[in-house]
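Working notes, beginning with the structure itself.
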Amino acid sequence: MISSIPTDISTNEGIWNPLVLLVALVLILILVYLIRAAGNKRYKKGTGQTRPFLSGNVNDPEGEVRSSDMYWGLLDAFAPIYRLLIRYHTGIVNEYIGAFVTMLAVLLMILLMV
């Protein structure tokens, strides 16, 4: 009965052996476990170590991360452009898709002319 189990499966791309795959999977799992076991043992759940890192900035006590916390330098540097974009921001997805399709059409026309 055991002799009827195929050991190699021949395909157009080569030979596939389920036992080799199983051994490779076990070796990979052992390697992953060894790497995980070598981790830092000083980690304490529920302390300040679990708070998100915000480039040294203090964030909300609830752990809420806002984009203004992360990108304050970018927003400050590009404030004039950002204010201009806010004026045209409507929040309607159809307008953004229409603008994207229009820009894509213009870009394709330019590329086809060249």
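Observations
- Karplus-derived 3J(HN,Hα), 6.51/-1.76/1.60, for each residue of the range 99-112, Hz, glycine and proline x: 5, 5, 5, 5, 5, 5, 5, 5, 5, 5, 4, 5, 5, 6
- Taken one residue at a time, the phi angles of the range 74-81 give Karplus couplings (6.51, -1.76, 1.60, θ = phi - 60°) of 5, 5, 5, 5, 9, 4, x, 5 Hz. Gly and Pro are set to x.
A short reminder: the numbers here are calculations on the coordinates, not readings from a lab. Bear in mind that the values here come from a model prediction, so they are computed numbers and not experimental data.
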